[in-house]
1. Net charge within 13 Å of Thr239 by Cβ-Cβ distance, Lys/Arg positive one each and Asp/Glu negative one each, not counting Thr239 itself?
2. Label the chain by shape, choosing from rounded, prolate and oblate, from the square roots a ≥ b ≥ c of the eigenvalues of the Cα gyration tensor; if a/c is under 1.5 it is rounded, and otherwise prolate applies when a/b is larger than b/c, oblate when it is not.
3. How high is the relative contact order of the chain, in percent, with contacts defined as C-alpha pairs under 8 Å that are six or more residues apart?
4. From the C-alpha gyration tensor of segment 106-216, pull out the three semi-axes of the equivalent ellipsoid (sqrt of 5λ each), sorted largest to smallest, in whole Å.
5. Using θ = phi - 60° and the Karplus curve 6.51 cos²θ - 1.76 cosθ + 1.60, what whole-Hz ³J(HN,Hα) does each residue of segment 167-177 get, with Gly and Pro shown as x?
6. Expected output is a single nm value to one decimal: the length gained when fully extending between Leu72 and Ala106, i.e. 0.36 nm times separation in residues minus the C-alpha distance. What is it?
7. Each label point is 7 Å from the Cα along the Cα-to-Cβ direction; what then is the distance between the points at Ile89 and Glu5, in nm?
8. Starting from the Cα gyration tensor of segment 3-99, take the square roots of the eigenvalues, sort them a ≥ b ≥ c, and report rounded, prolate or oblate (rounded when a/c is under 1.5, otherwise prolate if a/b is larger than b/c, else oblate).
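What follows is calculated from the coordinates using simple rules that are stated; it is not laboratory data. All values reported here derive from a predicted model rather than from experimental measurement. Heads up, the Cβs are rebuilt from the backbone with ideal geometry, glycines too, and the neighbour counts pull from every protein chain shown.
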Amino acid sequence: MTAREVVKPIEDFAPLSMQESWDNSGFSVGNPDKEVGKALIALDCTENVMREAVREGCDLVIAHHPLIFGKLKSVTPEHITGRIIETAIRHGIVVYSAHTNMDKAAGGVSGLMAHKLELTGVRPLQADGFGAVGDMKTPLTAGEFVKFVQEKMGIPRLRTSRPLKSLVRRVAVCGGSGRSFISDARSEGAQVYITGDLTYHDFFCENDFMVMDIGHYNSEYDVVRLFSEILCKNFPNFTVSITKENNNPIYYY
């Protein structure tokens with residue numbers, strides 16, 4: 001199959017037309033019509049991921065975050081992105097990404113978060129598909145809810161604003177950097193908003209509202225398994241593997 005044929009089910013699930021104007025989802029390196037036999041799935045197409053692709057004989061890398069993002073002025077070995085692109089071209093590896101289109105797709109990044117937190121009555125936080133909002137099956141105190149999120153999302157640390165005094169009944173989520181949707185979460189009646197990349201001033205909240213930062217990586221990583229599930233369902237005889245080299249680039253001490 002060609003790389004274009006392999007990624008078609010992903011684009012059926014999350015059409016590229018859904019991506020934001022500033023995004024760069026789709027093919028970024030290589031020929032989409034190249035015949036490929038093995039795909040490697042990752043959150044980020046890092047140097048270690050590309051080395052793994054070479055080592056394992058993968059000729060297609062599918063990532064959530066675009067490899068080429070913003071203004072790329074040169075492709076040289078002095079820069080990380082340049083080295084990754086150079087390695088991909090040298091070894092004939094095609095690189096593809098599904099970013100904001102997968103963020104906005106029903107059942108995509110934020111939908112996965114809502115499902116993991118067992119929210120009910122889930123619907124998009126924004127009309128264009130970003131984020132999700134739903135209700136807790138069982139209301140919890142703020143302390144109980146923090147432990148619940150840590151357990152469900154598999155994270156030992158998170159950041160929150162001042163804990164609520166009331167029970168947590170309604171929750172909004174957005175994978176990745178969702179600080180711009182704080183007001184949407186509040187207007188949708190959420191008592192807690194969970195996302196990543198919040199800044200200092202975002203933690204100043206009204207008494208009946210609480211924000212929670214679980215980190216960009218932790219809020220999005222499940223999309224890697226979703227990519228794999230989509231491909232394995234549609235192409236049971238095509239070899240798909242999830243990288244062993246993707247790790248949270250932020251270290252805590």
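1. Numbers: positive: Lys38; negative: Glu56, Asp59.
Overall, the nearby charge balance is -1.
2. Prolate shape, in that a/c is at least 1.5 and a/b is the bigger ratio.
3. That works out to 20 percent.
4. 17, 16, 14
5. 6, 7, 10, 10, 10, 10, 9, 7, x, x, 9
6. On the way: separation 34, 0.36 × 34 = 12.24 nm, distance 3.11 nm.
Extra length from Leu72 to Ala106 when fully extended: 9.1 nm.
7. Distance between label points: 2.8 nm.
8. Details: a/c = 1.87, a/b = 1.14, b/c = 1.63.
Cα axes put segment 3-99 in the oblate bin.
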